[in-house]
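Novice: Sharing a structure with you now.
Here, each number is a calculation from the coordinates, and none is a lab measurement. Since this is a predicted model, take the numbers as computed values, not measurements. We place every Cβ from the backbone using ideal geometry, glycine too, and count neighbours over all the protein chains shown.
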Amino acid sequence: MHKTGSLIAIAAAAAFALAAYAQMPIVDAVAGKVVQKYQSSTCEQLWQSRGKPAGPEEQRVLNFLKNDQAARQEFFNKIAGPVMNKMFECGMIP
């Protein structure tokens, strides 16, 4: 009986890991777009786009990230350096 419980726990953990891995290409693609936007935009363009409402595609991605903590963490890990550096260069953060 104890072996069955352990096998179920291992199978559940493996299924969770596979599901998380399957979503990461989506996160990679979205993070790549965000980083590209910040790297290719001028500071003036970034200031002008700041505070504008998200479009339907952006809203869908935001909802996905709000509902998936692992995907959100992966997304932040990928964009944090390039985006924060650009924001700092543009005077958007102290």
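Novice: Pick from the stretch 64-78 the residues that are in contact (Cβ under 8 Å) with a residue 40 or more places away in the chain and part of a helix (DSSP H, G or I): which of them is farthest from Val35 (Cα to Cα)? Break it down into steps so the answer makes sense when it comes.
Specialist: Applying the first criterion (in contact (Cβ under 8 Å) with a residue 40 or more places away in the chain) to the stretch 64-78 yields 68, 70-71, 74-75, 78.
Narrowing the set further to residues that are part of a helix (DSSP H, G or I) leaves 70-71, 74-75, 78.
Details: Ala70: 19, Ala71: 16, Glu74: 14, Phe75: 11, Lys78: 8 Å.
Of everything passing the filter in the stretch 64-78, Ala70 is farthest from Val35 (Cα to Cα).
Novice: If you take the residues in the stretch 48-63 that are free of Cβ contacts under 8 Å to residues at least 24 places away in the same chain, assigned to a helix (DSSP H, G or I) and of a type outside the set (S, T, N, Q), which one is farthest from Met24 (Cα to Cα)?
Specialist: Taking the stretch 48-63 as the starting set, the residues that turn out to be free of Cβ contacts under 8 Å to residues at least 24 places away in the same chain are 48-49, 51-60, 62-63.
Within this subset, residues satisfying the condition of being assigned to a helix (DSSP H, G or I) are 48-49, 56-60, 62-63.
Next, only the ones that are of a type outside the set (S, T, N, Q) stay: 56-58, 60, 62.
Details: Pro56: 21, Glu57: 18, Glu58: 17, Arg60: 16, Leu62: 15 Å.
For the stretch 48-63, the residue satisfying everything is Pro56.
Novice: Just give me the residues in the stretch 80-94 being among the aliphatic types (A, V, I, L, M), part of a helix (DSSP H, G or I) and surrounded by fewer than 17 Cβ atoms within 10 Å (Cβ to Cβ), in sequence order. Break it down stepwise before answering.
Specialist: Step one: of the stretch 80-94, the residues among the aliphatic types (A, V, I, L, M) are 80, 83-84, 87, 92-93.
Now restrict to residues that are part of a helix (DSSP H, G or I): 80, 83-84, 87.
Passing the criteria: Ala80, Met84, Met87.
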